[in-house]
Amino acid sequence: MAESQHSRHLLPQRCQTITVERPQLDEDGQPVLETRGKRKGQPKPDSKLQDSEEVPLGEDCEEYFQREVVQHVSDAWIDHDKTKIGYEIPFNRHFYVFEPPRELDEIDTELKGVTDRIVKMIGELS
């Protein structure tokens with residue numbers, strides 16, 4: 001059983017990516033409203049403040065949004081037209097193999113050799 005839990009940890013995480021929008025504000029700090037299209041009369045999103053959140057697939061997007069986002073930015077909303085469902089594959093977790101750095105003495109020896117070659121080449125130019 002412990003092995004299956006470990007295997008499950010290595011699988012890609014199924015998730016939904018939601019786009020969190022915030023309103024564009026005018027010079028008085030009031031939301032700018034859309035003047036055309038299906039969002040006419042609603043706050044215009046500020047592309048500089050756009051963010052995204054990864055929501056686990058089994059979790060309700062609205063509940064996650066209320067719990068994790070609204071408490072920090074109360075004027076935010078979800079742009080449901082941009083919601084994506086898919087897999088997150090954390091490549092570093094699955095494929096990265098740590099290689100410890102070389103010993104300092106080894107690096108110093110290599111640098112001394114390179115420096116000596118450079119000094120020799122400069123000497124040959126004169």
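Could you name the aspartates and glutamates whose alpha carbon sits less than 20 Å from that of Lys112, not counting residues in the same chain fewer than 8 places away?
Hits, sequence-local ones excluded: Glu103, Glu124.
If I ignore ligands, DNA and RNA and count only protein heavy atoms, how much of Ile122 is accessible to a 1.4 Å probe, in Å² to the nearest 10?
It works out to around 100 Å².
Just to confirm a number: summing +1 for Lys and Arg and -1 for Asp and Glu over residues other than Glu110 whose beta-carbon lies under 13 angstrom from that of Glu110, what do you get?
-2
Mind checking which of Asp108, Asp81, Asp46 has the largest fluctuation in a GNM of the chain, springs on alpha carbons under 10 Å?
Asp108
Below 12 angstrom from the Cβ of Glu21, what's the summed charge of the other residues (Lys, Arg +1; Asp, Glu -1)?
Surrounding charge for Glu21 is -2.
When the helices in the chain are scored as -39500 (n - 2.57) per DSSP H run of 4 or longer and the sum is shared across all residues, what 222 nm value do you end up with, to the nearest 500 deg cm²/dmol?
-9500 deg cm²/dmol
Please sort by residue number the GluC sites (Glu not before Pro) in region 25-126 whose DSSP state is loop and whose Cβ has at most 11 other Cβ atoms within 10 Å.
Answer in residue order: Glu27, Glu103.
Could you compute the net charge surrounding Val73? Neighbours are other residues with a C-beta less than 15 Å from the C-beta of Val73; K and R count +1, D and E count -1.
-4
Within the chain, what's the longest run with no trypsin sites (Lys or Arg not before Pro) in a DSSP loop and at most 14 other beta-carbon atoms within 10 Å? Give the range, please.
41-101
Less than 30 Å apart at the alpha-carbon level, and either on another chain or at least 8 residues along: which lysines does that give for Lys44?
Lys82, Lys84
Straight-line reach from Lys38: which aspartates and glutamates have a Cα under 18 Å away, not including same-chain ones fewer than 8 places off?
Straight-distance partners of Lys38: Glu21, Asp46, Asp79, Asp81.
For the chain, the longest stretch holding no chymotrypsin sites (Phe, Trp or Tyr not before Pro) located in a DSSP loop with at most 16 other Cβ atoms within 10 Å is which?
1-95
The values are calculated or read from the model by the stated rules, or taken from the named source; none is laboratory data. Quick caveat, the model's predicted, so the values are computed rather than measured. With ideal geometry, Cβ positions are generated from the backbone for all residues, glycine too; neighbour counts draw on all protein chains shown. Note: accessible area is taken over every heavy atom of the protein model, side chains too, but ligands, DNA and RNA are not part of it. Shrake-Rupley method; radii C 1.70, N 1.55, O 1.52, S 1.80 Å.
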